[in-house]
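Chemist: Sending over a structure as C-alpha cells; questions will come in a sec.
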Amino acid sequence: MTITVLDGGMGDEISARLEGAAEGLWSAKALVEKPDLVIDIHKEFIEAGARIIITNTYSTIPAYLGKAGMAYRYIELTRLGGELAQRAVAESGEAVQIAGSLPPLSESYRPDLVPPADEALPVYKNLVEALHDFVDLYFCETMSTAEEAVTASMQALKYGGGKPVYVSWTLNETPGTGLRSGESIKTAVDALSDLDVAGFMFNCTFPEAIEVALHELRPLTDKRLGCYPNRTNRIPSDWTLDNDVILGTRAAIDKQYFVAMSQCCIDAGATIVGGCCSIGPAYIKALAEATREQQ
C-alpha cells in the first residue's frame, strides 16, 4: 500500500504571517496583498515531504470576496491561486501534484447555509475552469452535506477535462455521527453512486472521528481513501468566519499524536494523508518521515 503525503493548513499559515488574514478575506488576502507568501508556504510543505499540495483557493469564492467588494474577482483570484501553486512546484524541483480546491460556497461547517444547486452550479463551473490549466486533480473539500458534494463533484467531472476528482467530507466531531448535516457516511457515498469520482476523503475535523468514519467507509467502496484532519477545537453549530468565537487548537494534538492518528487512519484504509487547519509544515515533515517506507 503506497502512501501519498498531502500538505497542511495553508489558511492558518497565512493568518500567522499576514496581519488581518484571520478574518474577512481570510487566505485570499495573501493573493491580493502578498502572493509570494503563498508560494513560500507551498514550498515549505513540499520541502517537508508533501507530494500533493492544495491550491490556495479555499476563500476565492464570491461570499468571502464580497466582504471587500471583490466578488467580481473570484475567477481571476482562483486562477492566480492555481498559478502560484504551479510556480511553487516548478521552483521546488520535486515531483508534486497540485489539487484544485473546490470549497463550500458559503460558511464552512454550516450545512444549513449550503446554497441550492441552481446557485452553486455556475460558480463551481467557473472555479473548475479557472483552475484547469494548473492542477492535476480536484478536491471537493470540507463538504458538509451529501448534496453539496454532488453539486461540486458533478461540475468538476463535467468541466475538469477528465482530471481525477476526489470528494472530502467534514464530519461531526463526535465519532460515528456522520457528516455535519447528520447524514450517514453511507448516505453520502450513495448520493455519488452515479458519478465517477476517483476517491473519498474526510477533512477538517477531529482525527478520532475520521478514523471511525474510514472504518465505516472502507466496506462501501473500492475507491481510494484519504484524510486530512485538523487541530481545531469543536466547531459551534452557529459558527461563522467573522463571529467573535475564538476556536483555538487542541493542545493534545502534538506532532507525535498527529502521526499516531494518521497511522491509525492508514490502518483503516487511507492512502492519502495530510493535515488541515493548524497542521503546519513541521507536522507534515513528521508524518512524511514516519511513513517514508510506505511511500
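No lab work stands behind these numbers, since they all come straight from the coordinates. What you see is a predicted model; the values in this text were computed from it and never measured. Counting neighbours? That spans all protein chains shown, and the Cβs are built from the backbone with ideal geometry, glycine included.
Chemist: Per Stokes-Einstein, at 10 °C and 1.306 mPa s, what whole-number D in µm² s⁻¹ belongs to segment 74-137, with the Kirkwood radius over Cα pairs as the hydrodynamic radius?
Modeler: 122
Chemist: Taking the convex hull of the alpha carbon atoms in the chain, what volume per residue do you get, in Å³? Please list the in-between numbers first.
Modeler: Details: hull volume 33.3 nm³, N = 295.
For the chain, the hull spanned by Cα atoms encloses 113 Å³ per residue.
Chemist: How do S15, S237, S184, S193 rank when sorted from fewest to most other Cβ atoms within 10 Å of their own Cβ?
Modeler: Fewest-to-most ranking of S15, S237, S184, S193: S193, S237, S184, S15.
Chemist: Can I ask one more? When the Cα centres of segment 73-140 and segment 1-65 are compared, how far apart do they sit, in Å?
Modeler: The distance from the Cα centre of segment 73-140 to that of segment 1-65 comes to 12 Å.
Chemist: Also, I was wondering about something else. For the chain, what is the charge dipole size about the Cα centre, in debye to the nearest 20, if Lys and Arg each add +1 at the Cβ and Asp and Glu each add -1 at the Cβ?
Modeler: Around 280 debye, computed over the chain.
Chemist: Compute the label zone of K67 within segment 35-61: residues whose backbone N is under 11 Å from the point 7 Å along Cα-to-Cβ.
Modeler: Within reach of a label on K67, which here means backbone N under 11 Å from a point 7 Å along Cα→Cβ, segment 35-61 contributes 59.
Chemist: Per the helix-only calculation at 222 nm, which mean residue ellipticity applies to the chain, given -39500 (n - 2.57) for every DSSP H run of n ≥ 4 and division by its residues, nearest 500 deg cm²/dmol?
Modeler: Working: 11 runs with 121 residues, N = 295.
Counting only the DSSP helices, I get -12500 deg cm²/dmol.
Chemist: Here is a follow-up. On average over all directions, what projected area in square nanometres does segment 106-243 have, based on the convex hull of its Cα atoms?
Modeler: On the way: hull surface 32.8 nm².
Projected over every direction and averaged, the Cα hull of segment 106-243 covers 8.2 nm².
Chemist: Still on this structure: Is any residue of segment 249-279 close enough, with backbone N under 13 Å, to a label point placed 7 angstrom from the Cα of R292 along the Cα-Cβ axis, and if so, which?
Modeler: Inside the label zone: nothing.
Chemist: So for the chain, if I pair up every lysine 8 or more residues apart or on another chain, how many of those pairs have alpha-carbons under 27 Å apart?
Modeler: Going through the chain pair by pair, I get 23.
Chemist: By counting other Cβ atoms within 10 Å of each Cβ, how are H42, H132 ranked from fewest to most?
Modeler: Exposure proxy ranking, most exposed first: H132, H42.
Chemist: Test of understanding: in a Gaussian network model of the chain with alpha carbons linked when under 10 Å, which of D196, D118, D136 would top the mean-square fluctuation ranking?
Modeler: In this elastic network of the chain, the residue with the biggest mean-square fluctuation among D196, D118, D136 is D118.
Chemist: Restricting to the chain, compute how many DSSP beta bridges are antiparallel as a %, nearest 5.
Modeler: 5
Chemist: Using θ = phi - 60° and the Karplus relation 6.51 cos²θ - 1.76 cosθ + 1.60, list the HN-Hα couplings for segment 148-156 in order, rounded to whole Hz, with x at every Gly or Pro.
Modeler: Taking θ as phi minus 60°, the curve returns 4, 5, 5, 4, 5, 5, 4, 6, 5 Hz for segment 148-156.
Chemist: Specify the residue with the greatest mean-square fluctuation among M201, M143, M70, computed from a Gaussian network of the chain linking alpha-carbon atoms under 10 Å apart.
Modeler: Highest fluctuation of the listed residues: M70.
Chemist: Now a separate question. Most fluctuating residue of R231, R51, R87 in a GNM of the chain with Cα springs under 10 Å: which is it?
Modeler: R87
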